[in-house]
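Reading through the C-alpha cells given below for one structure.
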Amino acid sequence: MTQPSLLRPQPSTLQAKPSVMRQLLQVPVIVAALGYFVDIYDLLLFSIVRIESLRSLGVAEASLLNEGVYLINMQMGGLLLGGILWGIMGDKRGRISVLFSSILIYSLANAANGFVTSVDQYAVLRFIAGIGLAGELGVGITLVAEILPKEIRGYGTSLVASVGMLGAVLAYFIADNFEWRIAYFIGGGLGLLLLLMRVSVFESGIFTKAKEKSVSRGNFFQLFSSGPQFIKYIRCILIGVPVWFVAGILMTFSPEIGQALDLDTPIVAGKAVMWEYIGLTIGDLSSGILSQYFNSRKKVVLLYVLLAALFSAVYLFVPLQSSALFYALCVGLGIASGYWALFVTIAAEQFGTNLRATVATTVPNFVRGSMILMTPLFLLFRSQFGILPGAGLLGLITIGIALLGLWKMEETFGKDLNFLEK
C-alpha cells in the first residue's frame, strides 16, 4: 500500500481551526465590546457630572447629595424595569433585535439630557435612559458566550467588559473638557454611530436552533417555578452586589468620603470614577484570564470579593491624608471589583438558551438596581454612625451576601450552553 507523502498536507492541517485571536475578533464580539463602551460612558456620566449639572439647575449646596440620590434611584429604577423587558425580548425575539432597540432608546435619552431645565425633567430622562442601558451588557454577553467555543468563552466576555470599562475614562475626559450638556450630546451621538455598526452582526446559532423547538422562551416567571431554580437565580444576583457598592457608593460619593478623611485637596468624583474604571478594565481582563488558567469561575470570584473587602477597608479607615493615594486606592478598588464580566458570564452559563438572555440581562440590572436599597441604607447609616463607619457597615453587608451567594454555587467553567430549561 502506498504510504502518504510526508510533504502532502494532511486533512487535519487543511481544516485547521481558526486561531484564538481570530475567533475573539469576530464582528459580534467587537460590536458587543464597543456597545458596552458606549453603555458605560452613558451609565457613569451622571455620576461624573452630578454636582456640576445639579448646580447648573439651581440646586442648593445642602441638597446636592439628596437630589443626587433621587436621580440615581430613578436611573436604577429604569435599569430594573429595562432588565426584565430586554431579557424577555432577548429570549423571545432574539439577541440582535434587543441590541438595536436598547441602544436607540438610551442614545436618544442621553442626548435629551442635555436639554433639561429642571430636576424633574432630569429624573424622567435618567429613568428612560436606564431602561435603554439595561439591554446592552446582558444580551451582548449572551451573544458572545453562545457564538464562541466554550474553551475560550471567558476570554471573549472579558474582552467585552475590559473594552467597555474604558468608556468611563472617556466620559471623565469629555466631562472635564466640555460643559456637562455637551458631554450628554456626545454620548448620544456615539450610541447612534454604533447603531450603524450593528447592521453587520449576525444572530447566535444556538438561539436560532432553539427557536425551532416548541419550548417556552423568555418566561421570566419560570425562574421562580421551583425552589432550586429560584435559589440559583438569587445566587447569581448576590455575587455581583459588591461591584456596585464600590461603583455606586464609594465612587459616586467619593467627594464626601474624601472630605471626611481630611485629605489635602478635595476629591473630584469624576476623577475617582475614572481611576476606578481603569482598575476595572485591568480587573475584568485579569479575572477572565485567571478563570481560564484555573479552569474555574467560582475560585476567581471568591478571590476578587475578598480583595474588594480589603481595599474597601483601607479606603475608608486608613488615614492616608493624600488625594494621590486616595485615587490610587480607587484603582485598587476597581481591580478588586473587576469580576463584573465573570459574574455575568456565570449567570449566562447557569441557565438554558430559552432563559439565558432573560437571566444574563436581569441579573446585572438587579445588581445595579440594588442601589435603590443601598442608598437609603447608606444615608441611614451615615446619619447614625457617620459617613465612614456607615459606608463600612454597608460594605460589610454587601460582601457578606456575596459570599453567601457564592456558597454552593455550581461551577460553570467549560459548560456546554446548547441546552434548554424545561
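The values are calculated or read from the model by the stated rules, or taken from the named source; none is laboratory data. Not measured: the values here are computed from a predicted model. Cβ coordinates were reconstructed from backbone atoms using ideal geometry, including for glycine residues, and neighbour counts include every protein chain displayed. Only protein heavy atoms, including side chains, enter the accessible area calculation; ligands, DNA and RNA are left aside. Shrake-Rupley method; radii C 1.70, N 1.55, O 1.52, S 1.80 Å.
Within the stretch 340-354, at least one residue is of a type in the set (Ser, Thr, Tyr) and buried (at least 19 other Cβ atoms within 10 Å of the Cβ). Residues in the stretch 143-186 that are among the polar types (S, T, N, Q) and in contact (Cβ under 8 Å) with a residue 40 or more places away in the chain were compared, and the one that is surrounded by the most Cβ atoms within 10 Å (Cβ to Cβ) is Thr157. Considering the stretch 253-262, the residues that are aliphatic (A, V, I, L, M) and crowded, with 19+ Cβ neighbours inside 10 Å include one that is farthest from Thr375 (Cα to Cα), namely Leu261. Applying a threshold of 6 Å to beta carbon distances and a minimum spacing of six or more residues, or different chains, the list of pairs starting in the stretch 55-84 at a residue that is closer than 16 Å to Leu373 by Cβ and ending at one that is among the basic types (Lys, Arg) reads Met74/Arg126; Gln75/Arg126; Met76/Arg368; Leu79/Arg368.
Among the residues making up the stretch 373-388, those that are in a helix (DSSP H, G or I) and open to solvent by less than 60 Å² (accessible area, probe 1.4 Å) are Met374, Thr375, Phe378, Leu379, Phe381, Ile387, Leu388.
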